[in-house]
1. Using Cβ contacts closer than 10 Å as the measure, can you line up Ser104, Ser31 from fewest to most?
2. If you rank Asp17, Asp26 by fewest surrounding Cβ atoms within 10 Å, what's the result?
3. For the residue pair Leu42 and Leu10, what label-to-label distance in nm results when each label sits 7 Å from Cα along the Cα-to-beta-carbon direction?
4. Within the set Lys7/Lys95; Lys49/Lys95; Lys18/Lys95, which residue pairs have Cα atoms separated by over 22 Å?
5. At 0.36 nm per residue, and after removing the present C-alpha to C-alpha distance, how many nm does the segment from Glu88 to Gln108 gain when stretched out fully?
Amino acid sequence: MKEISLKQALAIMDQKDKEGNAFPFDITFRSLQRNSKTGGHLYNYTQVKRLRPKIGKSTKASLIKAVQSAEKIKKQPDHFVNRTRNLELQNGEIKKIHIRLIISINGQNVIY
């Protein structure tokens, strides 16, 4: 099996087409239990996409709705510092992964 660096794996995850839509990829990663400091489950997902923030035009109606709703201010995820990425699975579910726990991407082992 071919080996790639973490930097190359992140480049594969960041690929997008001309419209800015992410390309799908296959990924295998391990979860981590921080409390017990033990490895968790091995996850293998196919055809996932990196979740990107939706950038759109702010309309007057959307601004009014945002002001009127008593929505909590969300904390910025700061993926670079936390070394995390959000992935969108085929069923629409969002999964947060730690990049240091990636084992393979598109059938290529990730080395550090």
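Since every read-out is calculated from the coordinates, none of them should be taken as a lab result. Computed from a predicted structure; not experimentally measured. We place every Cβ from the backbone using ideal geometry, glycine too, and count neighbours over all the protein chains shown.
1. Details: Ser104 18, Ser31 13.
In order of increasing Cβ crowding within 10 Å: Ser31, Ser104.
2. Numbers: Asp17 8, Asp26 14.
Starting with the residue having the fewest Cβ neighbours, the order is Asp17, Asp26.
3. The modelled label-to-label distance comes out at 2.6 nm.
4. Exceeds cut-off: Lys18/Lys95.
5. Working: separation 20, 0.36 × 20 = 7.20 nm, distance 2.02 nm.
Gain on stretching Glu88 to Gln108: 5.2 nm.
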